[in-house]
Amino acid sequence: MNADTGGYALEQILGMLGAWLILFAYGVMVARPEKKRFYFSVSLLGGLCLLWLALLYRNAGLIVLELAWTGINVWGLLRAGRKTS
């Protein structure tokens, strides 16, 4: 996407949303450690937003970071699900 199509604003919104979701989720995790499933879910959503942008712009460093972040959150969700079952 480029600025000519109006996609730039959407990309900026998506990037900010992803960053704020991750930060919000981390804050919840620090304040309320018993909310692990919520943390991992919100953090996963934020990470996926940022991964999409990293792929769009072919930013290798951010792609690696967001793939790892996404994997860690999926793993955390699976572990949290097993402990409550």
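A short reminder: the numbers here are calculations on the coordinates, not readings from a lab. Everything numeric in this text was worked out from a predicted model, so none of it was measured. Don't worry about glycine lacking a Cβ; one is built from the backbone with ideal geometry, like all the others, and counts go over all protein chains shown.
A convex hull fitted to the Cα coordinates of region 30-74 yields 62 cubic angstrom per residue.
Would you please give the FRET efficiency between residue 55 and residue 78, computed as 1/(1 + (r/R0)^6) with r the Cβ-Cβ distance and R0 = 25 Å, to the nearest 0.05? Mind showing how you got there, number by number?
Numbers: r = 24 Å, r/R0 = 0.95.
Efficiency at R0 = 25 Å is approximately 0.60.
The angle separating the long axis of helix 7-31 from the principal Cα axis of greatest extent in the chain is about 20 degrees.
Note on the chain: GNM, Cα springs under 10 Å; of 55, 44, 23, the largest mean-square fluctuation is that of 55.
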